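Undergrad: This is the structure I have questions about; it appears just below.
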Amino acid sequence: MGTDITLRVFGSRGSTPVHGSDFTRYGGATSCIAVNIGGESVILDAGSGLTGAAKWVPKSGEFSILISHPHIDHIIGLTSFAPLHNPDNSVRIFAAEHGGLGAQEQVERLMSAPLWPLGTEVFSDSTQFCDIDSDGTFQIGAVRVDTIEGNHPGGCTVYKLTHGEHSIVYCTDFEHDKHHSERLASFAADCELLIYDAQFSDAEYETKQGWGHSTREEAVRLARRCGVRKLLLFHHSPSRTDDALDAAEALTRLDFPDSSFAKREEVVLL
Ligand SMILES: [Zn+2]
Ligand SMILES: [Zn+2]
């Protein structure tokens, strides 16, 4: 049975944007996924893909942006996102504390000299920054949002959006280990969709431990353990070309058929 949840991918690249003919199908923009759920418009992370989401958000009215953590590939899109300047929009930006900084302070750190010429005062008065717990619960309209702390240098919030019986989990920038993976497995149990950091393969991870990222093989192990219906692999390494991602997707589908590597402008219906 279908749900009322629809996703559109505006950025699936990790770490830094990439550009060129090798990156057309999966796209080069960094983390940004727009979700329609329970009548709400929710954007997961504000990487460089956020600019593409300007045409997706309502021309007037409310929507929300959930920030996983303030690494630059997850917030740089806020510097140039037109709806934040539109007084007809009412935007709420949610983030947990990172590095002793609240939600607004994290964005101000980026939007300040010498990194950027304009501060957050250029956003319309209807923009709100909302501080949340990294292990907590809050509501966006009829949508329940649960959070847990992931495993990533400087911290990273894992989000679960639930409406009615249906949940999706957004887990980017997550390095698997026994404790955090067990916690994530129970947090994501039986969700419709798990979006998961698959920056590396298991073989590549051998020399990348401590970098704060996971693997496509670990994504499959976790998805099976959780009983999720669909797996969306995310935060692609900047070195992965379209052909390399096609090959990784084909291998992953041998072990978990309802899986895909997130593609530029891909629409996911649940
Ligand atoms: Zn990242
Ligand atoms: Zn990060």
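Undergrad: Looking for something open to solvent by less than 20 Å² (accessible area, probe 1.4 Å), outside any strand (DSSP E or B), within 16 Å of ligand 2 (Cβ to nearest atom) and of a type outside the set (G, A, S) - is there at least one such residue anywhere in the range 123-145?
TA: no
Undergrad: Now for a different question. Being open to solvent by less than 10 Å² (accessible area, probe 1.4 Å), closer than 22 Å to I76 by Cα and more than 16 Å from ligand 2 (Cβ to nearest atom) is true for just one of A103, A198, A96. Which residue is that?
TA: On the way: A198 fails: more than 16 Å from ligand 2 (Cβ to nearest atom); A96 fails: more than 16 Å from ligand 2 (Cβ to nearest atom).
Exactly one residue qualifies, and that residue is A103.
Undergrad: Kindly indicate whether I37 is away from ligand 2 (no atom under 16 Å from the Cβ), aliphatic (A, V, I, L, M), under 21 Å from L232 (Cα atoms) and crowded, with 20+ Cβ neighbours inside 10 Å.
TA: Working: away from ligand 2 (no atom under 16 Å from the Cβ): yes; aliphatic (A, V, I, L, M): yes; under 21 Å from L232 (Cα atoms): yes; crowded, with 20+ Cβ neighbours inside 10 Å: yes.
Here the answer is yes, as I37 does meet what is asked.
Undergrad: So is P83 in a loop (DSSP other than H, G, I, E, B) and either over 30 Å from C226 (Cβ atoms) or of a type in the set (A, V, I, L, M, F, W, C) (or both) or not?
TA: Numbers: in a loop (DSSP other than H, G, I, E, B): no; either over 30 Å from C226 (Cβ atoms) or of a type in the set (A, V, I, L, M, F, W, C) (or both): yes.
Here the answer is no, as P83 does not meet what is asked.
Undergrad: Taking R229 as the residue in question, decide whether it is basic (K, R), open to solvent by 10 Å² or more (accessible area, probe 1.4 Å) and in contact with a helix residue (DSSP H, G or I) (Cβ under 7 Å, 6 or more places away or on another chain). Quick ask: steps written out before the conclusion?
TA: Working: basic (K, R): yes; open to solvent by 10 Å² or more (accessible area, probe 1.4 Å): yes; in contact with a helix residue (DSSP H, G or I) (Cβ under 7 Å, 6 or more places away or on another chain): no.
Against the criterion (basic (K, R), open to solvent by 10 Å² or more (accessible area, probe 1.4 Å) and in contact with a helix residue (DSSP H, G or I) (Cβ under 7 Å, 6 or more places away or on another chain)), R229 does not qualify.
Undergrad: Return the total of residues in the range 40-79 being buried (at least 19 other Cβ atoms within 10 Å of the Cβ) and part of a loop (DSSP other than H, G, I, E, B).
TA: The number of residues fulfilling the criteria is 11.
The values are calculated or read from the model by the stated rules, or taken from the named source; none is laboratory data. Owing to the predicted nature of the structure, the values given are computational and were not obtained by experimental measurement. FYI the Cβ positions are ideal-geometry reconstructions off the backbone, even for glycines, and counts take in every protein chain you see. With ligands, DNA and RNA removed, areas are computed over all heavy atoms of the protein, side chains included. Shrake-Rupley method; radii C 1.70, N 1.55, O 1.52, S 1.80 Å.
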